[in-house]
Amino acid sequence: MAERQEQAAPDAVLTRIGQVVMLHHAGDREEARHRFLGLWAEIGEHGDPLHRCTLAHYLADTQDDPADELAWDLRALTAAEEARAEVLAVTAVIAIYPSLHLNLADDYIRLGRRDAALTHLSWAREAATALADDSYGDGVWAAIGRLESRLGEGGSATWTPPRQRP
């Protein structure tokens, strides 16, 4: 019984990350970055992979320099790979992979690395097939389409059509 209660209890670190995400979405990018960095210092380079993945994923969005954003997105991807080995984290990681690869594709576009962007965009599309048919999934598919448009016709010719929606 106690084990079930622990599993049902909210994850305090993810809750704190979510609170800072709301601050960032409200427009306070600098304060969000400061708080995210404080959380990163608490979690550490060897903390829970799901926490590191989630935090680095959102921390990347608060960076001013595209190279810094890329570095945080790569940290998120590395942590996601580690989290795949943890049974409880698998579902969360599956849901975040498309967004991670979209962010990396965008980072590479802004750094002038088109081939790397195309690779990550392709991986985002592949990972997105595992998403539920809900508002999050719809948003990810829409973002894939927008990024393909940014890359132009040459970028979208290598991909299969998006999944069909009922």
Quiz prompt | Among 143-152, 130-139, the order from most to least packed when residues are scored by Cβ within 10 Å on average | solution = 143-152, 130-139
Quiz item: Do you know the relative contact order of the range 91-133, to the nearest whole percent, from alpha carbon pairs under 8 angstrom that are 6+ apart?
Solution: 50
Exercise. Using per-residue counts of other Cβ atoms within 10 Å, averaged over each peptide, order 103-113, 28-38, 49-59 from highest down.
Key: 49-59, 103-113, 28-38
Exercise. Evaluate the distance, in nm, between pseudo-label points positioned 7 Å from the Cα of residue 81 and of residue 110 along their respective Cα→Cβ axes.
Key: 2.3
Exercise. For the range 67-76, take each phi angle, set θ = phi - 60°, evaluate the Karplus expression 6.51 cos²θ - 1.76 cosθ + 1.60, and give the result in whole Hz per residue in order, putting x for glycine and proline.
Key: 5, 5, 4, 4, 4, 5, 5, 5, 4, 4
Quiz prompt | Extension gain from residue 65 to residue 133, taking 0.36 nm per residue of separation minus the Cα-Cα distance | solution = 21.1 nm
Self-check item: the range 1-148, relative contact order in percent, only Cα pairs under 8 angstrom and at least six apart counted
Solution: 16
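Coordinate-derived values only; no laboratory data. Source: prediction; values computed, not measured. We place every Cβ from the backbone using ideal geometry, glycine too, and count neighbours over all the protein chains shown.
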